[in-house]
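Take a look at the structure below.
The values are calculated or read from the model by the stated rules, or taken from the named source; none is laboratory data. Since the model is a prediction, treat every value here as computed from it, not as a measurement. Glycine gets a Cβ as well: all are built from the backbone with ideal geometry, and neighbour counts include every protein chain shown. The accessibility values were calculated without ligands, DNA or RNA, using every heavy atom of the protein model including side chains. Shrake-Rupley method; radii C 1.70, N 1.55, O 1.52, S 1.80 Å.
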Amino acid sequence: MNYTELSNAIQAYTENTEADFVTNIPVFVQQAEQRIYNSVQFPSIRKNVTGAMTTNNKYLQCPLDFLATYSLAVIKANGEYEYLLNKDVNFIRQAYPLPTDTGLPKYYALFGPRSDNAAELTFILGPTPDAAYGSELHYYFYPPSISVAPFTSWLGDNFDTVLLYASLVEAYTYMKGEVDMMGLYNQKFIEALPLAKRLGDGMERQDAYRSGQFRQAVT
């Protein structure tokens with residue numbers, strides 16, 4: 001399902017083609033996508049980026065679309081990866097109180113916004129890097145919405161049911177629609193969500209070699 005198909009379906013289900021309603025459909029869809037992405041950890045919301053840790057600088061900038069961390073690794077000169085342990089800022093400050101406490105970083109914490117740009121977050125490292133190291137960050141982000149070019153998404157292509165009903169809930173909320181219809185759309189979304197979780201949080205995190213094939217009990 002692409003955005004045109006989704007938009008047409010929303011208008012058909014709600015029987016609403018008013019200009020203001022149609023104009024707000026991208027908002028309904030984006031709110032629905034956020035609700036889904038915060039309920040199911042699909043691989044499509046996972047991203048990785050490489051960067052650089054600089055000598056005597058205990059801070060590392062986060063990507064602009066960063067939401068949460070899956071893992072952070074320091075890459076040594078020989079290409080070897082060392083994964084850092086996530087800690088609180090106060091732990092790192094206590095363990096390495098001086099900027100001159102340098103070495104191969106072992107820990108990291110989400111420090112907060114940069115002083116020169118409140119929209120950009122940074123990590124604090126402990127100890128302060130004693131050399132220039134590479135880094136690789138795996139992180140959680142919101143993929144581009146189906147409502148923007150090229151008007152397709154992994155969710156629309158692979159699990160349009162949960163996207164449609166989540167969008168209808170948002171659309172009907174905007175319309176201040178009837179309680180019974182709101183309940184119906186919300187129930188349909190609730191029914192579709194476990195199927196999405198089975199895929200994103202279950203099947204996509206295992207294989208038959210390690211976990212064995214699924215077997216339905218025979219009675």
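Here are some residues: Tyr142, Tyr70. Which one is at pLDDT below 95, touching an Asp or Glu at 6+ places or on another chain (Cβ under 9 Å), farther than 16 Å from Tyr59 by Cβ and not β-branched (Val, Ile, Thr)?
Within the list Tyr142, Tyr70, the selection yields Tyr142.
Return yes or no: is Phe66 of a type outside the set (Lys, Arg), touching a helix residue (DSSP H, G or I) at 6+ places or on another chain (Cβ under 7 Å) and open to solvent by less than 70 Å² (accessible area, probe 1.4 Å)?
No, not satisfied.
Just wondering, is there one or more residues in segment 44-63 that are within 27 Å of Ser153 (Cβ to Cβ), in contact with a helix residue (DSSP H, G or I) (Cβ under 6 Å, 6 or more places away or on another chain), at pLDDT below 90 and surrounded by 14 or more Cβ atoms within 10 Å (Cβ to Cβ)?
yes
For the structure I just gave you, tell me whether Glu136 is in a strand (DSSP E or B), open to solvent by 10 Å² or more (accessible area, probe 1.4 Å) and at pLDDT 95 or above.
Against the criterion (in a strand (DSSP E or B), open to solvent by 10 Å² or more (accessible area, probe 1.4 Å) and at pLDDT 95 or above), Glu136 qualifies.
Can you list the helices (runs of 4 or more DSSP H) lying wholly within segment 1-78 that have 1 or more residues being without any contact (Cβ under 8 Å) to a residue 60 or more places away in the chain?
Passing ranges, in order: 3-14, 19-23.
Scan segment 76-84 and give yes if some residue there is within 21 Å of the chain's Cα centre (by Cα), closer than 30 Å to Ile10 by Cβ and among the hydrophobic types (A, V, I, L, M, F, W, C), otherwise no.
No; the residues of segment 76-84 include none that is within 21 Å of the chain's Cα centre (by Cα), closer than 30 Å to Ile10 by Cβ and among the hydrophobic types (A, V, I, L, M, F, W, C).
Just wondering, is there one or more residues in segment 164-171 that are farther than 11 Å from Ala32 by Cβ, in contact (Cβ under 8 Å) with a residue 24 or more places away in the chain, more than 20 Å from the chain's Cα centre (by Cα) and buried (at least 21 other Cβ atoms within 10 Å of the Cβ)?
no
Every residue in segment 6-23 that is surrounded by 15 or more Cβ atoms within 10 Å (Cβ to Cβ) and either more than 30 Å from the chain's Cα centre (by Cα) or not β-branched (Val, Ile, Thr) (or both), please.
Those that are surrounded by 15 or more Cβ atoms within 10 Å (Cβ to Cβ) and either more than 30 Å from the chain's Cα centre (by Cα) or not β-branched (Val, Ile, Thr) (or both): Leu6, Ser7, Ala9, Gln11, Tyr13, Asn16, Phe21.
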